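Before any comments, here is the structure.
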Amino acid sequence: MKLIVTLAMIGITLALPTPQAEKEGAFFTNEAIRQAQNTYLIPKDATIQKVQEGIQLAAYESIPGNQRINLFEILGEHVPPEVVNNLQAQVDQVGKQ
């Protein structure tokens, strides 16, 4: 369970030292947990015992809406393949809904 929560937090960077950044980090952490529960990555009744600081692996801006994002190229050497597969399936659905 800790692995899933940690992986859900991968894209969140909480390492900024300012108090405002800590508030923003807490907001993003809570939002990431809520989204992970809503998409059934973690059970809705799960108790979150500890959240570890995330790291930013990659950042992309201004990606055209019709361009496919290949998460294996971005995350392949940092994240287990089964996690990348799961995330890729979710990312692929973003423009189709």
Exercise for the section: Considering only segment 6-52, state which residues are modelled with pLDDT of 55 or more, assigned to a helix (DSSP H, G or I) and among the β-branched types (Val, Ile, Thr). Expected result: 29, 33
Practice task
Taking residue 83 as meeting all but one of (1) within 19 Å of residue 28 (Cβ to Cβ); (2) in contact (Cβ under 8 Å) with a residue 24 or more places away in the chain, write down the number of the exception.
Solution key: (1)
Exercise for the section: Kindly provide the set of residues from segment 58-90 that are of a type in the set (A, V, I, L, M, F, W, C), out of contact with any helix residue (DSSP H, G or I) (no Cβ under 6 Å at 6 or more places or on another chain) and loosely packed, with under 14 Cβ neighbours inside 10 Å, ordered by number. Expected result: 59, 63, 89
Completion exercise
Scanning segment 41-57 residue by residue, those exposed (fewer than 10 other Cβ atoms within 10 Å of the Cβ) and not basic (Lys, Arg) turn out to be 45, 47, 49
Handout entry: Residues of segment 78-97 that turn out to be closer than 16 Å to residue 36 by Cβ and not in a helix (DSSP H, G or I), as a count
Key = 1
Problem - Members of segment 29-50 that are of a type in the set (S, T, N, Q) and either touching a helix residue (DSSP H, G or I) at 6+ places or on another chain (Cβ under 8 Å) or within 17 Å of residue 90 (Cα to Cα) (or both) - result: 35, 37, 38, 39, 49
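The values are calculated or read from the model by the stated rules, or taken from the named source; none is laboratory data. Bear in mind that the values here come from a model prediction, so they are computed numbers and not experimental data. No Cβ is skipped: glycine too gets one built from the backbone with ideal geometry, and neighbour counts run over all protein chains shown.
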